[in-house]
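The values are calculated or read from the model by the stated rules, or taken from the named source; none is laboratory data. Note that the coordinates shown come from a computational prediction; the quantities given were computed from them, not determined experimentally. Cβ coordinates were reconstructed from backbone atoms using ideal geometry, including for glycine residues, and neighbour counts include every protein chain displayed.
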Amino acid sequence: MAIIRHDILGEVECVRSVRSRSIRLSVKPSGKIRLSYPLFVGRRRALDFLESRVEWVVATRRKLAARQADIVRISRAEVERLRTIARRTLPAKTQMLAARFGFGYGRVTIRAARTKWGCCTSENNLSLSIFLAMLPDHLQEYVIIHELCHTVHHNHSAAFHALVDKCVEGKEKLLDRELRSYRIPVIDE
Ligand SMILES: [Zn+2]
């Protein structure tokens, strides 16, 4: 590994690796840049590639910085309000979607989970985050469908994704991308 200094971008970590198959450029949330390239690619060509992507790196860094600044904060009172809405709506939505697609499940628990929107246990009990109540309807449904599909495939295999994709009419990738644009809020103490 070597660190080079680029005129516009600053420090760039350069890694020439046996495992890499093509030139890859990545920007970490911290703004750090990493350029990795295979053995058969010369350093010169890798640097030319970096040069051709300078604008992309600058734009990506800006986007990442905006996302960091985008953290949503909510009060305890709002959390309780969401909990009420979630308890009233999510179990019914789960039941409706399970009936539509023919899934069976145990029970649904609603929790103030901050790391995941939902999960499914090996006994097919579903746990849904109260913060789902902040999402638009179609994304709430997407998360619930994802968890219901876990009652058939308890993993993220190709078969699992194929099932999800079938239920959402080929829009799994699109919905997933949209879901990623939402942040689970930070609770103000
Ligand atoms: Zn999953």
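Numbers below:
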read-out	value
Residue list for the stretch 112-147, restricted to those being of a type in the set (Val, Ile, Thr), under 24 Å from ASP188 (Cβ atoms) and without any contact (Cβ under 8 Å) to a residue 60 or more places away in the chain	ILE130
Residue match in the stretch 103-123 (condition: more than 15 Å from the ligand (Cβ to nearest atom) and surrounded by 18 or more Cβ atoms within 10 Å (Cβ to Cβ))	yes
Members of the stretch 124-139 that are assigned to a helix (DSSP H, G or I) and within 15 Å of the ligand (Cβ to nearest atom)	LEU132, LEU139
Members of the stretch 21-33 found to be surrounded by 15 or more Cβ atoms within 10 Å (Cβ to Cβ) and either part of a loop (DSSP other than H, G, I, E, B) or not assigned by TED's automatic domain parsing to the domain that holds LEU64 (or both), listed by number	ILE23, GLY31
Subset of the stretch 155-176 [more than 16 Å from the ligand (Cβ to nearest atom) and surrounded by fewer than 13 Cβ atoms within 10 Å (Cβ to Cβ)]	GLU169, GLY170, LEU174
For VAL79: the one exception among (1) part of a helix (DSSP H, G or I); (2) without any contact (Cβ under 8 Å) to a residue 60 or more places away in the chain	(2)
THR151 vs. criteria surrounded by 15 or more Cβ atoms within 10 Å (Cβ to Cβ) and either assigned to a helix (DSSP H, G or I) or away from the ligand (no atom under 14 Å from the Cβ) (or both)	no
Lone unmet requirement of (1) under 30 Å from VAL143 (Cβ atoms); (2) touching a Phe, Trp or Tyr at 6+ places or on another chain (Cβ under 8 Å); (3) not aliphatic (A, V, I, L, M) for PRO29	(2)
Any hit, the stretch 50-58, residues being over 14 Å from VAL12 (Cα atoms), in a loop (DSSP other than H, G, I, E, B), in contact (Cβ under 8 Å) with a residue 12 or more places away in the chain and assigned by TED's automatic domain parsing to the domain that holds HIS6	no
Selected residue (only one of ARG62, ARG73 is over 19 Å from SER20 (Cα atoms), under 23 Å from the mean Cα position of the chain (by Cα) and touching a residue at least 60 places away in the same chain (Cβ under 8 Å))	ARG73
Output for the stretch 98-123, where each listed residue is in contact with a Cys (Cβ under 8 Å, 6 or more places away or on another chain) and outside any loop (DSSP other than H, G, I, E, B)	PHE101
ILE85 vs. criteria within 16 Å of the ligand (Cβ to nearest atom) and in a helix (DSSP H, G or I)	no
Test: residue in the stretch 38-51 that is surrounded by 12 or more Cβ atoms within 10 Å (Cβ to Cβ) and closer than 25 Å to ARG180 by Cβ	no
